[in-house]
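To start, the structure itself, in structure tokens.
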Amino acid sequence: MPVAGIGLGCDYNPEQWSPDVWREDVRLMRQAGVDLVAINIFGWSYLEPRPNEYDFDGLDRIVELLHEHNIKINLGTGTSSPPPWLTTMHPEILPTAPDGTKRYPGGRQAWCPSSPVFRRRALALVERVARRYGKHPAVVLWHVSNELGCHNAHCYDEETAEAFRRWLRKRYGSIDGLNDGWGTSFWSQRYGDWSEVQPPRQALSARNPGQILDFHRFSSDELLDYYRDEVEVLRRHSTVPITTNFMVTAHIRNLDYWTWAPEVDVVANDHYLDHRLDEPTAELAFAADLTRGLAGGRPWMLMEQSVSAVSWQPHNLAKAPGEMIRNSLTHVARGADSVCFFQWRASAQGAEKFHSALVPHAGTDTEAWRAVLRLSETLDRLDEVAGTTVDTDVALLFSWQSWWSCDGESRPSHAVRYLDQVHLAYNALREIGVTTDVVAPAADLSRYRLVIVPCLHLVSDQEAAAIDAYVAAGGHVLVTFYSGIVDQDDRVRLGGYPGAFRDLLGVRVEEFAPLPPDAEVTLDNGAKGRLWTERLCTTTAEPVARYVDGPLPGVPAVTRNAYGAGAAWYVATELRAGALRDVVREASRMAGVRPLGPEGDGSVEVVRRGDASRSYVFVVNHGNRDVEYAVTGLELVTGAAVDGLLRVPSGEVRVVREESI
Ligand code: GAL
């Protein structure tokens, strides 16, 4: 971690302000206890105002000013948005949309990841920045580009087509291999030569799903390759840790972060509450747990969040009093060792001028600023938690590749969306008070009592075998519908669904029978299902519940199979929230999982962080009633001793260092 304890940080864009504001800024940063400041994120047009003419005066002054005030620097390489002279000189670097039209500059990230000109120019800037600041004592972290692939992950120009072909040659070896992988016998798509292969540009009908899936994989790899190139330059001049900010979030799914995570020195995530979702706070908890999964269970950085409203959703809700602090501490509970914000001072101009900031437009005589001071004090009191890890014996499997494949163009039901299904399963665990790790399908599962496998549509042979072996050895799994359907090439696994998990689950499905979006089915235990049913026969499983109406009365909807030394549950419909919770509760109970939190609507979250010698219980109360929790120790936020019963007021968070473990 770049700073000791639980760090407080922010993005800082001094280019937007005059030097007298900079002096005021560092004074206020000191007052707020800011430890780490990300600068030069969008610095390119400032540092290289004309081709090959560099001007580091402004950045030098900022670096020195921060250093004098003992504020550490998370130094951006400055390459996230090309300057106007570059896109004017080389319009070929601009991204191309699926319909072949160019996307113009005027926003940000207007560059094609496969553009050699862009890469050469960007690396030249990185070289200068790294050489100049690589050994500066204030620089404790490198911030490569910014949210790589946020807008420009998929480019459809000729340079990309060439790079895609090179990537495909490596993957398939021969054009016949590609034909086989993509199933090109369908619709007369057979290729005779690599030059005929294109990115999946806009077409008149549904496109080839294998081609689309590989284009996702390629595009993620292409940006990772770009990241590696920047890292290589930085490494030549600096030994400081290097990272880039991930976007583990509900609305962006462009990169397979399981392949990225091993390449960053510190996992860092940007998270913004998304009010387009039904349960934004539950999604925050999920994203934090997934980020911890990317960090291999180790502490990670919250690189960006907002103090209050963002400016890029249709309705940008301000945070309620206490919400910012509560959400920040939810990230800490779930493994973050630093809490950083976009951005320090609210911009007066530009596309994000209505985005909240630590210093709002109205200045420091504001509730937002006072909340920042309170957060800072609280984080200081939690410093001793840094370095500990989250304690749980339940895992949920998550896969970007499954997301890409599941949400394809032609599928049984467009109302079945991967992330919704993942969230439903995650929320059921959260509502019964169970903390879960979110891990890759190929992860080592041996230490978990229960593994939830929601809608894992695409699963490789190896992944399926690992899940199988985990259960055979005594593990418990709960699989939800539309899992195990296709292999790594998006090819349907034949012989009956859910192909990869048929034996494990002891069921065989002849046909999917999705429901219209507003229909419901009833099960014989009174539960309701929606969106999905399937013509299922048990082979070795026991039916747990059957449909009493809908298209398949009498057919099992929930099953349980004893398998080796373990057990495998299957849920073949989208159980309405309470009913899914009932099944998850029963599966957890039978697996010997002991929930830490109370059961409810998820508004009270209890998470334990610790190590061999310490244990901290976080109780987060998002609800509008005070709650009590049984624990003994020292409460760190208020400094009060707790003897058996902790009271957590509505909207607050308490953290108890437990007595002797
Ligand atoms: C992130 C980005 C920041 C800022 C922020 C606004 O996507 O990295 O630069 O745009 O969102 O919420």
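For region 80-90, the condition holds for at least one residue, the condition being that it is away from the ligand (no atom under 16 Å from the Cβ) and among the aromatic types (Phe, Trp, Tyr). When residue 391 is tested against the conditions (1) within 15 Å of the ligand (Cβ to nearest atom); (2) touching a residue at least 24 places away in the same chain (Cβ under 8 Å), the lone failure is (1).
State yes or no: is residue 255 away from the ligand (no atom under 15 Å from the Cβ), among the aliphatic types (A, V, I, L, M), at pLDDT 95 or above and assigned to a loop (DSSP other than H, G, I, E, B)? Reasoning before the result, please.
Numbers: away from the ligand (no atom under 15 Å from the Cβ): no; among the aliphatic types (A, V, I, L, M): yes; at pLDDT 95 or above: yes; assigned to a loop (DSSP other than H, G, I, E, B): yes.
Criteria not met by residue 255.
May I ask you to verify whether residue 138 is more than 17 Å from residue 230 (Cα to Cα), of a type in the set (Gly, Ala, Ser) and under 28 Å from the mean Cα position of the chain (by Cα)? So residue 138 fails the test. Of all the criteria given as (1) of a type in the set (S, T, N, Q); (2) away from the ligand (no atom under 16 Å from the Cβ); (3) closer than 24 Å to residue 302 by Cα, the one not satisfied by residue 40 is (2). Filtering 36, 8, 59 for residues that are over 20 Å from residue 370 (Cα atoms), among the aliphatic types (A, V, I, L, M) and surrounded by 13 or more Cβ atoms within 10 Å (Cβ to Cβ) leaves a single hit, 59. Beta carbons closer than 6 Å, at least 6 apart along the sequence or on distinct chains, pair a first residue in region 571-586 that is under 19 Å from residue 484 (Cβ atoms) and in the same structural domain as residue 413 (by TED's automatic domain parsing) with a second that is of a type in the set (D, E, K, R) and at pLDDT 95 or above for 572/534; 574/530.
The lone criterion from (1) within 27 Å of residue 610 (Cβ to Cβ); (2) surrounded by fewer than 21 Cβ atoms within 10 Å (Cβ to Cβ) left unmet by residue 398 is number (2). Please go through region 113-153 and pick out each residue that is of a type in the set (Val, Ile, Thr) and within 16 Å of the ligand (Cβ to nearest atom). Passing the criteria: only 144.
Going residue by residue through region 481-497, is there one that turns out to be closer than 17 Å to residue 399 by Cβ and in a helix (DSSP H, G or I)? Reasoning before the result, please.
In the first step, residues of region 481-497 are kept if they are closer than 17 Å to residue 399 by Cβ; the result is 481-491, 493.
Among the residues that remain, those that are also in a helix (DSSP H, G or I) are: none.
Taking every residue of region 481-497 in turn, none turns out to be closer than 17 Å to residue 399 by Cβ and in a helix (DSSP H, G or I).
Is it fair to say residue 621 is out of contact with any Pro (no Cβ under 6 Å at 6 or more places or on another chain) and farther than 14 Å from residue 433 by Cβ?
Numbers: out of contact with any Pro (no Cβ under 6 Å at 6 or more places or on another chain): yes; farther than 14 Å from residue 433 by Cβ: no.
When the stated conditions are applied, residue 621 does not pass them.
With respect to (1) part of a loop (DSSP other than H, G, I, E, B); (2) more than 20 Å from residue 37 (Cα to Cα); (3) more than 16 Å from the ligand (Cβ to nearest atom), the lone exception for residue 384 is condition (1). Taken together, the residues in region 295-307 that are within 15 Å of the ligand (Cβ to nearest atom) and either surrounded by fewer than 22 Cβ atoms within 10 Å (Cβ to Cβ) or closer than 18 Å to residue 250 by Cβ (or both) amount to 5. Scanning region 95-134 for residues that are surrounded by fewer than 21 Cβ atoms within 10 Å (Cβ to Cβ) and either over 22 Å from residue 40 (Cα atoms) or outside the structural domain of residue 148 (by TED's automatic domain parsing) (or both) turns up 97, 98, 99, 100, 101, 102, 103, 104, 116.
Hey, can you tell me all the residues within region 334-381 that are part of a strand (DSSP E or B) and either of a type in the set (A, V, I, L, M) or farther than 16 Å from residue 24 by Cβ (or both)? Give the steps one after another, and end with the answer.
Looking only at region 334-381, we keep the residues that are part of a strand (DSSP E or B), and these are 336-341, 345, 359.
Selection gives 336, 337, 338, 339, 340, 341, 359.
Looking across 53, 15, one residue alone is surrounded by fewer than 20 Cβ atoms within 10 Å (Cβ to Cβ) and either within 16 Å of the ligand (Cβ to nearest atom) or small (Gly, Ala, Ser) (or both). It is 15.
Residues that are acidic (Asp, Glu) and under 23 Å from the mean Cα position of the chain (by Cα) within region 602-613 comprise just one, 605.
The values are calculated or read from the model by the stated rules, or taken from the named source; none is laboratory data. Quick caveat: nothing in here was measured; it's all calculated off a predicted structure. With ideal geometry, Cβ positions are generated from the backbone for all residues, glycine too; neighbour counts draw on all protein chains shown.
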